[in-house]
Amino acid sequence: MPLFSLLAFAFVGFWFASTPVRADERSFLALFENQTPAEETYSPQDETRLGREYPETTRELVEDPTHERPGTITVDTRKRALYLSLPNGRAWRYGVGVGREGFTWRGRTRIGRKESWPSWTPPAAMLMRRPDLPRYMAGGEDNPLGARAMYLYSGVQDTGFRIHGSNEPWTIGHAVSSGCIRMLNQDVTDLFSRVKVGATVVVL
C-alpha cells in the first residue's frame, strides 16, 4: 500500500478515536455495546411464553358465590377471580391478575369513570420505584392498561387503582401488579360493556 494511503488510513482512524461522540450518537452506539447475539438473549421462560397459546377469554357463567346485588363487581384476590353479580343468583366470572405481595388491598369502592384505550401516566410512587418508566403513554396496544380501564373511586377521590386490560396474558391468574386488577383485553372489554359508572366494586 502506498505511503500516502497508509498515512490517510491512520489519520482517519485517529480522528474517529479522538472525536467526541454526541449524546444521540452515544445512545445509539450503546445499543451495540456488550451485547450477545440475539439468539442468546431469550430465556427458557421467554420461549415458553412465546410458544404458549393463551385463551382469548376466561368468562364463564356461574352460581354467584358473593350474594351481592346485581351489577356489583366482586374481586376475590385469593382465587384470582372477578365476579359480576346478575339477577337470579348467577354471575359472570373472569380470571384476573392481582396485586403482588406488599401491594394488596381490601375495600369497597365504585367505578368513577371508564375509558376506552386509555392513556397511562405512572403515579409518582411508581416512578420512584421505576424511574425508567415513561412519564406518559398514549392509549394503544402497547399501553399497559390495555383496551379498557375502569377507574376506582372512594367517594369523589380517585384511589389510583383500576380494573384494566393487559397486553401480558401470562400474568392473568397471578399476583403481579401494583394493586390494580388486570384482565384479558377481551374480558375487560366485555365487562366494560356490562357495567355503568357508579357500580360498586368490592375487593376481598
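The values are calculated or read from the model by the stated rules, or taken from the named source; none is laboratory data. All values reported here derive from a predicted model rather than from experimental measurement. Positions of Cβ are backbone-derived with ideal geometry, glycine not excepted, and every protein chain shown enters the neighbour counts.
Got at least one residue in the range 67-83 being among the acidic types (D, E), surrounded by 14 or more Cβ atoms within 10 Å (Cβ to Cβ) and in contact with a helix residue (DSSP H, G or I) (Cβ under 7 Å, 6 or more places away or on another chain)?
No.
Identify, by number, the condition in (1) part of a strand (DSSP E or B); (2) at pLDDT below 95 that G140 doesn't meet.
The number of the failed condition is (1).
Being touching a helix residue (DSSP H, G or I) at 6+ places or on another chain (Cβ under 6 Å) and of a type in the set (F, W, Y) is the filter here, so list the residues in the range 125-180 that pass it.
W170
Spot the failing condition for Q157; the list is (1) free of Cβ contacts under 8 Å to residues at least 60 places away in the same chain; (2) closer than 17 Å to S116 by Cα; (3) of a type outside the set (A, V, I, L, M, F, W, C), and only one is missed.
(2)
In this structure, is S193 touching a strand residue (DSSP E or B) at 6+ places or on another chain (Cβ under 7 Å), among the polar types (S, T, N, Q) and farther than 14 Å from R108 by Cα?
No; evaluated as a whole, the condition is false for this residue.
Working only within the range 156-204, note down all residues that are in contact with a Lys or Arg (Cβ under 7 Å, 6 or more places away or on another chain) and among the hydroxyl-bearing types (S, T, Y).
Correct list: S166, T171, S177, T189, T200.
Mind checking which strands (runs of 3 or more DSSP E) fall wholly inside the range 60-123 and carry at least 2 residues that are under 15 Å from F192 (Cα atoms) and among the hydroxyl-bearing types (S, T, Y)?
Once the strands (runs of 3 or more DSSP E) in the range 60-123 are filtered for at least 2 residues that are under 15 Å from F192 (Cα atoms) and among the hydroxyl-bearing types (S, T, Y), what remains is 81-85.
Can you say whether K196 is touching a helix residue (DSSP H, G or I) at 6+ places or on another chain (Cβ under 7 Å) and not β-branched (V, I, T), as far as the supplied structure shows?
No; evaluated as a whole, the condition is false for this residue.
Can you tell me which residue within the range 153-180, out of those that are part of a strand (DSSP E or B) and under 10 Å from the mean Cα position of the chain (by Cα), is surrounded by the most Cβ atoms within 10 Å (Cβ to Cβ)?
By that ranking, first place goes to H164.
Looking at the range 93-121, which of its residues are within 13 Å of the chain's Cα centre (by Cα) and surrounded by 14 or more Cβ atoms within 10 Å (Cβ to Cβ)?
V96, G97, V98, G99, W117, P118, W120
List the pairs whose first member sits in the range 76-97 and is without any contact (Cβ under 8 Å) to a residue 60 or more places away in the chain, whose second member is in a loop (DSSP other than H, G, I, E, B) and of a type in the set (K, R), and whose Cβ atoms are under 8 Å apart, counting only residues at least 6 apart or on separate chains?
Taking only residues 6 or more apart or on different chains, the pairs are S85/R69; R93/R59.
Please go through the range 181-198 and pick out each residue that is among the aliphatic types (A, V, I, L, M) and crowded, with 16+ Cβ neighbours inside 10 Å.
I181, M183, L184, V188, L191, V195
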